[in-house]
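Chemist: Sharing a structure below in structure tokens format, with a few things to ask.
The values are calculated or read from the model by the stated rules, or taken from the named source; none is laboratory data. As the structure is a computational prediction, the values presented were derived from the model and not from experiment. Cβ: placed from backbone, ideal geometry, glycine included. Neighbour counts: every protein chain shown. Ligands, DNA and RNA are excluded from the accessible area calculation, which covers all protein heavy atoms including side chains. Shrake-Rupley method; radii C 1.70, N 1.55, O 1.52, S 1.80 Å.
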Amino acid sequence: MNISQRRAVPSANARPVPRRAVLAGIAAVTAATAAGCSDSGSGRAAVHPSPVRAVDPRSVQTFDSPRGPLLLQVMAHPDDDLFFMNPDAQHLVRAGVPVVSVYVTAGEAIGQNWVEGMSPERKKHHDKAAYSSARHQGLRQAYAVMVGKDRFTRWNKSVMDLPGGVRAETNELVAGGRRVRLVFLNVAMLSERGVRLPQLWNGVGAQMESLVAKGSPCTTVSTYGHSTLVDVLASIMDRFRPTVVHTMDPDPDYQIHDATHPKDNDYGACSDHRDHTPTALFTWKALSQWVADATKRDRHPPRFVTTSFRGYYNQRWPHGLPEEIVEQKHRLVREYGGEPAWHCGNDGGCGDYGQGGDRPLRNRKGWIRSTHYRHPGATPVVDSDRSGRLEAYGVLGLHAVRWQESSPGSGRWGAPQNLGGGPLAPALATVKDAAGRRLVFAMRFSALEGEGRADTREIVVLEQGSPDGPFRAWTGLGNPEHHPDRGRRVGMPAAVTAPDGRVHLFVRNAGKGVSTRVREPNGKWGKWRNLGGQEIQEGLTVLLDRDRRIHVFGVGRDTVHHWSQDDSGAPMRFLPLDDLPQPAGDPVAASVGPDGQVTVAYRRPASAEPEAYRLTGGAGTEPLDRSAARDLRGYGALSAVPLPQRGGEDALMLLGRALDGHAQIVDAASEDTHPTVLRDRPVPVGTPAIHADGTQRLAVVAMGADASPWLWRE
């Protein structure tokens, strides 16, 4: 984040904007976004751009051998990980997963280490080298505390040689079984000739220089072109071979800026900082290049899973995290912020003072109070084949993969089967059609080139030729948005098979509503259609009710929004529900309850306890006041499945994450059961999945930090 633009003032959530105003505003800004929030450059004539080495969608080589877990994070600025990637990163590090954190820019801003109440004379003092150094020290303090050491623990500092003659400072700390490495590329946020990261991403021939931080062992000024930064990031990936990669948001939402929603730190027409988006784009391009090069060299793609985190988006929606998680994040941000009176031994300063004390909690923008995935969804998704074997579908090394149980009920996964299709976003959707053939849906980075060339996203599908048979080739389903820049804002697919044999596909569109495309029983796809409705966050939930009607749920600013059918087989349309209170922002859990009614469960803003509501017909809803769902204290997305019980009322099993990050389940239809926390299983990476297999045994599947799925059965 950019400290020069932050100030601590009382917090208040922004009021919602009418959808008509949103659509009108988005239409007005779309033409400007090429030079604004994304600088995608679609349609420009590029002169001598760099070659692109990317994942081949047809590549299906087997994966390399499993290795020990390692988390790699790539951020634009010091503190982006603490604000936006926690608590996920903290839970992995505390579980003993080594971490390498790469900071692309020097974070120097205007060179002023802001202190509340600072004197006019001090405000005149600007020292970019010292401020960059102070932010580095703040990170050392935060990560030392994260691994259980004193904030002023001594780190080993050295210089790393990287491609293109680049040199970077690296700091390492080993504490018992925990290991942290910080890598500072230190690219100046504003280089010579006024070049910033958006121009380095999209400009042909643009160059930037690194800034030497005060007291750094790296005294070399490095020069970065577009391909230099891609090569450097890809080289770091190849050197450390991560199994989990955290990136920033490559495709932030459009944002209307007005008196109610001031622009603040947003860049152009989007809801994020000017450095966050290109950093994410460079990271995704480097990931694709690393996979392509490693596959060519080793004949096996590397095993890793990826999560992209939203940035200043957090300001625009209700706060998503309970106070317990906010305090976990704040403890580390407070260490990062430091205080001017601290004696840390770093001449540049002892932290980013503007983030010290309780200032992040008082900041009206509330960045610390939410953590959002750009590509939400279960990772992996789970189903059963005709024999009853569990199947898990996910994204590994940017390719779609399938894991299968060795035999029904064995609990042992076979090797991942590479289904190709990459480079893909982290989450998939899957259904079976009326004939029992598997369909797998994904969002592909269909072009990720920069330097004035194409930057596009496409929804794709993989279909089996026969039930449990081999898959055909991937097929492109296009994008509901016609302008490439708008197409980047499209969300993750969700799908359901209707009783009439039609497969309904849904995505969130650039206008923050829902678009759909339908596959007829003969396999032919219709056109994309906009279902209208109200603004929602990313992450759709889809199900069939007992009357075989389709329901789609999306989380808005004010309530849970709802699309459905008047009757089975009727067209989908926006059908608002009454009396559902404001949600926190994560995808809701929805299932058919024991009484046959649709039940939804979610958390309200800043709450750790979920609440469950029953749809009573028409637009009516009622709370399940005695539901055990409230005992499922935690954070993040929820999911649910019905579970038949012998000799008793069916259960409604609800899955979520506990406050310590572990998966936990409870029967939401019960009045007296308590959650089961799966602390004998690793902390999940991303969102775990729940499934009732062919024998009605409950199964929880999640991705571990070693990029392999684990399985828990009741």
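Residues are listed down the side, and each one gets a yes or a no for (1) more than 23 Å from residue 246 (Cα to Cα); (2) crowded, with 20+ Cβ neighbours inside 10 Å; (3) under 26 Å from the mean Cα position of the chain (by Cα):
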position: 371; (1), (2), (3): no, yes, yes
position: 394; (1), (2), (3): no, yes, yes
position: 405; (1), (2), (3): yes, yes, no
position: 423; (1), (2), (3): no, yes, yes
position: 456; (1), (2), (3): no, no, yes
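Chemist: State yes or no: is residue 430 open to solvent by 20 Å² or more (accessible area, probe 1.4 Å) and under 24 Å from residue 285 (Cβ atoms)? Don't jump to the end; show me each part of the working.
Modeler: Working: open to solvent by 20 Å² or more (accessible area, probe 1.4 Å): yes; under 24 Å from residue 285 (Cβ atoms): no.
When the stated conditions are applied, residue 430 does not pass them.
Chemist: Conditions first: (1) out of contact with any Phe, Trp or Tyr (no Cβ under 9 Å at 6 or more places or on another chain); (2) within 22 Å of residue 544 (Cα to Cα); (3) surrounded by 23 or more Cβ atoms within 10 Å (Cβ to Cβ); (4) not small (Gly, Ala, Ser). Residue 700 passes all but one, so which condition is the exception?
Modeler: Residue 700 satisfies all of (1) out of contact with any Phe, Trp or Tyr (no Cβ under 9 Å at 6 or more places or on another chain); (2) within 22 Å of residue 544 (Cα to Cα); (3) surrounded by 23 or more Cβ atoms within 10 Å (Cβ to Cβ); (4) not small (Gly, Ala, Ser) except (1).
Chemist: Determine which single condition residue 389 fails, assuming it passes every other condition in (1) open to solvent by less than 30 Å² (accessible area, probe 1.4 Å); (2) in contact with an Asp or Glu (Cβ under 8 Å, 6 or more places away or on another chain).
Modeler: The failed condition is (1).
Chemist: Is it the case, given these coordinates, that residue 188 is within 29 Å of the chain's Cα centre (by Cα) and at pLDDT below 95? Give the steps one after another, and end with the answer.
Modeler: Values: within 29 Å of the chain's Cα centre (by Cα): yes; at pLDDT below 95: no.
It is false that residue 188 is within 29 Å of the chain's Cα centre (by Cα) and at pLDDT below 95.
Chemist: Let me ask you something else. I'd like the full set of residues that are in contact with a Phe, Trp or Tyr (Cβ under 6 Å, 6 or more places away or on another chain) and surrounded by fewer than 23 Cβ atoms within 10 Å (Cβ to Cβ), limited to segment 373-386. Steps first, please.
Modeler: Our first condition is that a residue be in contact with a Phe, Trp or Tyr (Cβ under 6 Å, 6 or more places away or on another chain); within segment 373-386, this holds for 380-381.
Passing the criteria: only 381.
Chemist: Please state which of the following conditions residue 268 fails to meet, knowing it meets all the rest: (1) buried (at least 18 other Cβ atoms within 10 Å of the Cβ); (2) under 22 Å from residue 292 (Cα atoms).
Modeler: Every listed condition holds for residue 268 apart from (2).
Chemist: Select from segment 346-367 the residues that are of a type in the set (A, V, I, L, M, F, W, C) and more than 27 Å from the chain's Cα centre (by Cα) and list them in ascending order. Break it down into steps so the answer makes sense when it comes.
Modeler: So the first thing to find is which residues in segment 346-367 are of a type in the set (A, V, I, L, M, F, W, C), and the list is 350, 361, 367.
Result: 350, single match.
Chemist: Any residue in segment 583-593 that is touching a residue at least 12 places away in the same chain (Cβ under 8 Å), open to solvent by 50 Å² or more (accessible area, probe 1.4 Å) and not aliphatic (A, V, I, L, M)? Lay out the reasoning, then the answer.
Modeler: At the first step, the residues of segment 583-593 found to be touching a residue at least 12 places away in the same chain (Cβ under 8 Å) are 583-593.
Cutting the leftovers down to open to solvent by 50 Å² or more (accessible area, probe 1.4 Å) gives us none.
No, segment 583-593 contains no residue that is touching a residue at least 12 places away in the same chain (Cβ under 8 Å), open to solvent by 50 Å² or more (accessible area, probe 1.4 Å) and not aliphatic (A, V, I, L, M).
Chemist: Scan segment 197-223 for residues that are open to solvent by less than 60 Å² (accessible area, probe 1.4 Å) and within 21 Å of residue 272 (Cβ to Cβ) and report the count.
Modeler: Within segment 197-223, residues that are open to solvent by less than 60 Å² (accessible area, probe 1.4 Å) and within 21 Å of residue 272 (Cβ to Cβ) number 8.
Chemist: Further question on the same structure: Are there strands (runs of 3 or more DSSP E) fully within segment 485-540 with at least 3 residues that are surrounded by fewer than 21 Cβ atoms within 10 Å (Cβ to Cβ) and basic (Lys, Arg)? List them. Full working, then the answer.
Modeler: Working: elements: 494-497, 503-508, 514-519.
Fully inside segment 485-540 and qualifying: nothing.
Chemist: While we're on this one: Within segment 101-146, restricting attention to residues that are in a loop (DSSP other than H, G, I, E, B) and open to solvent by less than 10 Å² (accessible area, probe 1.4 Å), which residue is modelled with the lowest pLDDT?
Modeler: Initial filter on segment 101-146 (in a loop (DSSP other than H, G, I, E, B)): 106-119, 124-127.
Now restrict to residues that are open to solvent by less than 10 Å² (accessible area, probe 1.4 Å): 106-108, 111.
Numbers: 106: 98, 107: 97, 108: 97, 111: 91.
Taking the candidates together, the pick is 111.
Chemist: Here's something else I'd like to know. So residue 93 passes all but one of these: (1) closer than 23 Å to residue 230 by Cα; (2) over 17 Å from the mean Cα position of the chain (by Cα). Which condition number does it fail?
Modeler: Evaluating residue 93 over (1) closer than 23 Å to residue 230 by Cα; (2) over 17 Å from the mean Cα position of the chain (by Cα) leaves (1) as the failure.
Chemist: Does residue 291 satisfy the criteria of being surrounded by 23 or more Cβ atoms within 10 Å (Cβ to Cβ), touching a residue at least 60 places away in the same chain (Cβ under 8 Å) and out of contact with any His (no Cβ under 9 Å at 6 or more places or on another chain)? Please lay out each step first, then the result.
Modeler: Values: surrounded by 23 or more Cβ atoms within 10 Å (Cβ to Cβ): yes; touching a residue at least 60 places away in the same chain (Cβ under 8 Å): yes; out of contact with any His (no Cβ under 9 Å at 6 or more places or on another chain): no.
For residue 291, the condition - surrounded by 23 or more Cβ atoms within 10 Å (Cβ to Cβ), touching a residue at least 60 places away in the same chain (Cβ under 8 Å) and out of contact with any His (no Cβ under 9 Å at 6 or more places or on another chain) - is not met.
Chemist: Right, something else. Would you be able to say whether some residue in segment 622-631 is modelled with pLDDT under 95 and closer than 16 Å to residue 543 by Cβ?
Modeler: no
Chemist: Please enumerate the residues belonging to segment 594-629 that are charged (D, E, K, R) and open to solvent by less than 40 Å² (accessible area, probe 1.4 Å). Talk me through it step by step, then tell me what you get.
Modeler: Pass one, segment 594-629, residues charged (D, E, K, R): 595, 603-604, 609, 611, 614, 622, 625-626.
Across segment 594-629, the qualifying residues are 603, 611.
Chemist: So, in segment 83-100, exactly how many residues are open to solvent by less than 20 Å² (accessible area, probe 1.4 Å) and in a helix (DSSP H, G or I)? Steps first, please.
Modeler: Here is the first cut: in segment 83-100, the ones open to solvent by less than 20 Å² (accessible area, probe 1.4 Å) are 83-93, 97, 99-100.
From the residues that got through so far, the ones that are in a helix (DSSP H, G or I) too are 83-85, 88-93.
Residues flagged as open to solvent by less than 20 Å² (accessible area, probe 1.4 Å) and in a helix (DSSP H, G or I) within segment 83-100 amount to 9.
Chemist: Show the residue pairs that are 6+ apart or on different chains and have beta-carbon atoms under 6 Å apart, the first residue being within segment 154-177 and closer than 19 Å to residue 344 by Cα, the second being part of a helix (DSSP H, G or I).
Modeler: Pairs found: 155/140.
Chemist: What number of residues in segment 541-551 are touching a residue at least 40 places away in the same chain (Cβ under 8 Å) and not in a strand (DSSP E or B)?
Modeler: Start the filter on segment 541-551 by keeping residues that are touching a residue at least 40 places away in the same chain (Cβ under 8 Å), which leaves 541-546, 548, 550-551.
Keeping just the survivors that are not in a strand (DSSP E or B) gives 545-546, 548.
Result for segment 541-551: 3.
Chemist: Against the definition (surrounded by fewer than 19 Cβ atoms within 10 Å (Cβ to Cβ), farther than 17 Å from residue 610 by Cβ and in contact with a strand residue (DSSP E or B) (Cβ under 9 Å, 6 or more places away or on another chain)), how does residue 714 come out, yes or no? So that I can check it myself, show each step before the final result.
Modeler: Numbers: surrounded by fewer than 19 Cβ atoms within 10 Å (Cβ to Cβ): yes; farther than 17 Å from residue 610 by Cβ: yes; in contact with a strand residue (DSSP E or B) (Cβ under 9 Å, 6 or more places away or on another chain): yes.
Yes.
Chemist: Please indicate, with yes or no, whether at least one residue in segment 686-696 is crowded, with 18+ Cβ neighbours inside 10 Å, in a loop (DSSP other than H, G, I, E, B) and of a type in the set (Val, Ile, Thr).
Modeler: Checking segment 686-696: not a single residue is crowded, with 18+ Cβ neighbours inside 10 Å, in a loop (DSSP other than H, G, I, E, B) and of a type in the set (Val, Ile, Thr).
Chemist: If you scan segment 541-571, which residues turn out to be of a type in the set (A, V, I, L, M, F, W, C), open to solvent by less than 10 Å² (accessible area, probe 1.4 Å) and more than 26 Å from the chain's Cα centre (by Cα)?
Modeler: Applying the first criterion (of a type in the set (A, V, I, L, M, F, W, C)) to segment 541-571 yields 542-544, 550, 552-553, 555, 560, 563, 570.
From what is left, the residues that are open to solvent by less than 10 Å² (accessible area, probe 1.4 Å) are 550, 552-553, 555, 560, 563.
Within segment 541-571, 550 is the sole residue that qualifies.
Chemist: How many residues, within segment 240-285, are assigned to a helix (DSSP H, G or I), within 25 Å of residue 446 (Cβ to Cβ) and among the aromatic types (Phe, Trp, Tyr)?
Modeler: Taking segment 240-285 as the starting set, the residues that turn out to be assigned to a helix (DSSP H, G or I) are 240, 276-285.
Cutting the leftovers down to within 25 Å of residue 446 (Cβ to Cβ) gives us 276-285.
When the remaining residues are screened for being among the aromatic types (Phe, Trp, Tyr), the result is 282, 284.
Of the residues in that region, 2 qualify.
Matching residues to (1) in contact with a His (Cβ under 8 Å, 6 or more places away or on another chain); (2) touching a residue at least 40 places away in the same chain (Cβ under 8 Å); (3) surrounded by 19 or more Cβ atoms within 10 Å (Cβ to Cβ):
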residue: 251; (1), (2), (3): no, yes, yes
residue: 259; (1), (2), (3): no, no, no
residue: 302; (1), (2), (3): no, yes, yes
residue: 312; (1), (2), (3): yes, yes, yes
residue: 318; (1), (2), (3): no, yes, yes
residue: 324; (1), (2), (3): no, yes, no
residue: 329; (1), (2), (3): no, yes, yes
residue: 339; (1), (2), (3): no, no, no
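Chemist: Determine the pairs where a residue that is touching a residue at least 24 places away in the same chain (Cβ under 8 Å), located within segment 690-714, has a partner that is buried (at least 20 other Cβ atoms within 10 Å of the Cβ) and among the acidic types (Asp, Glu) with Cβ atoms under 9 Å apart, the partner being 6 or more residues away or on another chain.
Modeler: Within 9 Å, the pairs are 711/405.
Chemist: Next question, about the same structure. What's the number of the only condition in (1) open to solvent by less than 10 Å² (accessible area, probe 1.4 Å); (2) over 30 Å from residue 298 (Cβ atoms) that residue 74 fails to meet?
Modeler: For residue 74, the failing item is (2).
Chemist: I'm told residue 192 meets every condition in (1) of a type outside the set (A, V, I, L, M); (2) under 23 Å from residue 265 (Cβ atoms); (3) open to solvent by 10 Å² or more (accessible area, probe 1.4 Å) except one. Can you identify the failing condition by its number?
Modeler: Against the list (1) of a type outside the set (A, V, I, L, M); (2) under 23 Å from residue 265 (Cβ atoms); (3) open to solvent by 10 Å² or more (accessible area, probe 1.4 Å), residue 192 comes up short only on (2).
Chemist: Exactly one condition in (1) touching a residue at least 12 places away in the same chain (Cβ under 8 Å); (2) not in a strand (DSSP E or B) is false for residue 180; which is it?
Modeler: With (1) touching a residue at least 12 places away in the same chain (Cβ under 8 Å); (2) not in a strand (DSSP E or B) applied to residue 180, the lone miss is (2).
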